[in-house]
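Student: A single structure is presented below for examination.
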Amino acid sequence: MNRASTRQIADGVVSLLNDETFTPAFTAERVVTADFDLSELNELKVVVVAGSSESGGGANRSGTPKERTVQVGVLKRVTSDDEADALGDLVDAIAEHLDNRPLNAVNARWLRTEHATLMDADLLRRKKVYLGVVLVTYLAV
C-alpha cells in the first residue's frame with residue numbers, strides 16, 4: 001500500500017466525521033480553502049482542509065514517515081454568545097471524536113489532535129462569524 005497523501009487523509013477524516021452524529025448536525029466536506037461569502041455562513045459549515053506535510057524521524061522500508069496534518073474548521077455566523085459557546089462545544093466534541101481514531105483504508109496512523117478555539121476576535125466582533133479549528137496529525141507510513 002502506498003503512503004497516504006494529505007488529501008487521502010483529509011478524505012478519511014471527512015468520513016470519520018460524517019459517520020458520527022453530532023449536535024448540532026452537519027455534513028463535513030473537504031475543501032481546498034475555507035473561503036466563504038458571509039451569506040453562506042448562515043448555515044453551519046464543517047470543512048476539512050488538507051494541510052501541511054513534513055518528514056518525521058526514523059525510516060522504514062518505504063522511506064521516511066511523513067507527518068500529515070489536516071485542519072477541521074467549524075464556521076458559522078452567530079447571533080449570541082450562547083450560540084458561539086455551543087459551537088465551541090462542537091469543536092471540543094469533534095476533537096474528542098478524532099482523538100486516537102484510525103482512518104479506514106488509509107495507510108496512516110493517528111499521531112495527535114490539537115485544538116484551541118482559534119477565533120478571530122475581529123471576525124467575531126465585526127462580522128459575527130465563529131471560526132474554530134481542530135488540527136489532526138497522522139503519520140503516513
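The values are calculated or read from the model by the stated rules, or taken from the named source; none is laboratory data. These numbers come from a predicted model, not from an experiment. All Cβ positions, glycine included, derive from the backbone under ideal geometry; neighbour counts span all protein chains shown. Just the protein is used for accessible areas: all its heavy atoms, side chains included, with ligands, DNA and RNA removed. Shrake-Rupley method; radii C 1.70, N 1.55, O 1.52, S 1.80 Å.
Student: How far is helix 6-18 tilted off the main Cα axis of the chain, in degrees rounded to 10, range 0 to 90?
Tutor: 50 degrees
Student: Pairs of lysines 8 or more apart, or on different chains, with alpha carbons under 15 Å: count those in the chain, would you?
Tutor: Lysine pair count for the chain: 4.
Student: Relative contact order (percent) for the stretch 80-140, with alpha-carbon contacts under 8 angstrom and 6 or more residues of separation?
Tutor: Computed value for the stretch 80-140: 36 percent relative contact order.
Student: Separate question: Once the whole set of protein chains is in place, how much accessible area is left on Lys66, using a 1.4 Å probe, in Å² to the nearest 10?
Tutor: About 60 Å², ignoring ligands and nucleic acids.
Student: Nearest 500 deg cm²/dmol is fine: what mean residue ellipticity at 222 nm does the chain get from its DSSP H runs of n ≥ 4 alone, each adding -39,500 (n - 2.57), divided by its residue count?
Tutor: Mean residue ellipticity at 222 nm (helix-derived): -8500 deg cm²/dmol.
Student: Which parts of the stretch 93-117 would a label at Ala34 reach, counting a residue when its backbone N lies under 17 Å from a point 7 Å out along Cα-to-Cβ?
Tutor: Only 93-99, 113-117 pass the distance filter.
Student: Calculate one ³J(HN,Hα) per residue across the stretch 125-137 by plugging θ = phi - 60° into the Karplus curve 6.51 cos²θ - 1.76 cosθ + 1.60, and present them in order as whole Hz with x for glycine and proline.
Tutor: Here the 3J(HN,Hα) series is 6, 7, 10, 6, 10, 8, 9, x, 10, 10, 9, 10, 10 Hz.
Student: Would you list Asp82, Asp99 from the most to the least accessible area, probe 1.4 Å?
Tutor: From most accessible down to least: Asp82, Asp99.
Student: Continuing with this model, one more query. How big is the accessible area of Leu131 in square angstrom, nearest 10, if you roll a 1.4 angstrom probe over the protein chains?
Tutor: Spelled out: Leu131, probe radius 1.4 Å, area about 50 Å².
Student: Hey, what did the chain get for relative contact order, percent, Cα under 8 Å, at least 6 apart?
Tutor: Reported as a whole number, the value is 28 percent.
Student: I would also like to ask the following. Quick one: if you stick a label point 7 Å off each Cα along the C-beta vector at Glu20 and Lys127, how many nm between them?
Tutor: Result: 2.7 nm between the two label points.
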